[in-house]
1. Would you mind telling me which numbered condition in (1) under 30 Å from Ala154 (Cα atoms); (2) away from the ligand (no atom under 16 Å from the Cβ); (3) without any contact (Cβ under 8 Å) to a residue 40 or more places away in the chain; (4) open to solvent by less than 60 Å² (accessible area, probe 1.4 Å) Pro89 fails?
2. Which number in (1) crowded, with 20+ Cβ neighbours inside 10 Å; (2) among the hydrophobic types (A, V, I, L, M, F, W, C); (3) over 23 Å from Thr174 (Cβ atoms) marks the one condition that Met84 misses?
3. Taking Ala107 as meeting all but one of (1) farther than 20 Å from Leu44 by Cα; (2) of a type outside the set (Phe, Trp, Tyr); (3) within 16 Å of the ligand (Cβ to nearest atom), write down the number of the exception.
4. Within the range 107-124, can one find any residue that is part of a helix (DSSP H, G or I), farther than 22 Å from Ala15 by Cβ, open to solvent by 10 Å² or more (accessible area, probe 1.4 Å) and not polar (S, T, N, Q)?
5. Answer with yes or no whether Ala344 is small (Gly, Ala, Ser), in a helix (DSSP H, G or I) and within 30 Å of Ala152 (Cβ to Cβ).
6. Count, please, the residues in the range 129-142 that happen to be within 18 Å of the chain's Cα centre (by Cα) and open to solvent by 40 Å² or more (accessible area, probe 1.4 Å).
7. So, in the range 244-268, exactly how many residues are surrounded by 19 or more Cβ atoms within 10 Å (Cβ to Cβ) and either under 21 Å from the mean Cα position of the chain (by Cα) or under 20 Å from Ala324 (Cα atoms) (or both)?
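The values are calculated or read from the model by the stated rules, or taken from the named source; none is laboratory data. The shown structure was predicted, so the numbers you read here are calculated from the model rather than taken from an experiment. Heads up, the Cβs are rebuilt from the backbone with ideal geometry, glycines too, and the neighbour counts pull from every protein chain shown. The area values use the complete protein model at the heavy-atom level, side chains included, leaving out ligands, DNA and RNA. Shrake-Rupley method; radii C 1.70, N 1.55, O 1.52, S 1.80 Å.
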Amino acid sequence: MADRILLVLGTRPEAIKLAPVYRALQADERFEVLLAVTGQHRELLTDTLQALALTPDYDLALMRAGQSQFDLVGAMLPALGAVMASANPAWVVVQGDTATAFVGALAGYLRQTKVAHIEAGLRTGDKYGPFPEEVYRRLVADIADLHFAPTARAAQNLLTEGIPASQIHVTGNTAIDSLHWVLTHLPDALPEDLVSRVPDLLTQRFVLVTCHRRESFGQDMAEILRAVAELAARFPAVLFIFPVHPNPEVLQPAHALLGGLANVLLTTPLQYPGFAHLLSRSYLVMTDSGGIQEEAVELGKPTVVMRKVTERQEGVEAGTALLAGVDSATIVACVSELLGDRAAYERLAVRRNVYGDGTAASSIVETLAAQ
Ligand code: UDP
């Protein structure tokens, strides 16, 4: 009889990173796969599910405007408990470090169902950076029975915390599977409205900007946005494309500080396939995102990481990513060097497969089959 696997996800990055696993399980007759979606993000997630042809079997629609982590976590536990009672899976699979991943793992544990954790072992060592993800992922590690670490460093972090080696499998990051899948299977996905707003997009030198981390809200966010404004003024021939996260803590200051600047293009969030294609054509990347650090390094795009700490040190050590912090002057100095000095740029613009080789999903499926 096929093993029933319940994948639980709630946000855009979880959908992107679980999509290859979902496809691989669906194509494998040893498994029956069910998908539960908490709706921790709403618009971002719906778009991503559609773009990647993911159809939830359970859609909990728990997102509420202005919802706190208290409300979210409180609402999710009984809702996911009910899903698990109905689905009765052999394995619950969670991804990453969101509230959904934590509560999904906890609900599985409370039912004494085995839990597998994809993208296990990422750590900054700072429990407030990223907040609250660093603690959520540590708690998932305490619960999980199988830990799919994307890199050797992540596996080492788990070993250091006392997780038995027999439970840890280094697979690469499924982000890399997903990235190559959309670049090859959806070749025409460049966002149409962007192409019509910027007719010379494909020949134009552009910087892709994103920022959304909760720990940057307020002062640090203002520093980051001021850096973008300063760079736009220094480099008028360079276009800065910024898909703005819908959280008001990002949306409002981004429009206040950058709206109206001639060479800064603020857009709504892009569908993942369009975003991936845009990334592959960008000149460099400024971001505080976790997933984008992995994708940009994989594509050899110099990446200025606008955070104080990162759990993706592999890209920094490989030399494609620079950890700039959140101080405006430092960010401006880093990006100015890359835009102004071709040799400095070329040193970073090298493709490095530090996050996997695009076969993470099949390795995860084979490991599950062997249990
Ligand atoms: N992404 C997207 N559209 C956008 C911006 C980002 O599809 O407009 C994708 C990006 O390719 C990456 C993921 O969203 O795979 C990253 O999500 P986010 O930055 O929200 O979360 P994090 O990775 O930091 O948890």
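1. (3)
2. Condition not satisfied by Met84: (3).
3. Every listed condition holds for Ala107 apart from (3).
4. Within the range 107-124, one or more residues are part of a helix (DSSP H, G or I), farther than 22 Å from Ala15 by Cβ, open to solvent by 10 Å² or more (accessible area, probe 1.4 Å) and not polar (S, T, N, Q).
5. Against the criterion (small (Gly, Ala, Ser), in a helix (DSSP H, G or I) and within 30 Å of Ala152 (Cβ to Cβ)), Ala344 qualifies.
6. 3
7. Residues flagged as surrounded by 19 or more Cβ atoms within 10 Å (Cβ to Cβ) and either under 21 Å from the mean Cα position of the chain (by Cα) or under 20 Å from Ala324 (Cα atoms) (or both) within the range 244-268 amount to 4.
A quick yes/no check of all residues on (1) at pLDDT 90 or above; (2) within 15 Å of the ligand (Cβ to nearest atom); (3) under 24 Å from Ile364 (Cα atoms); (4) small (Gly, Ala, Ser):
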residue: Ala27; (1), (2), (3), (4): yes, no, yes, yes
residue: Phe31; (1), (2), (3), (4): yes, no, yes, no
residue: His41; (1), (2), (3), (4): no, yes, no, no
residue: Leu54; (1), (2), (3), (4): yes, yes, yes, no
residue: Val73; (1), (2), (3), (4): yes, no, no, no
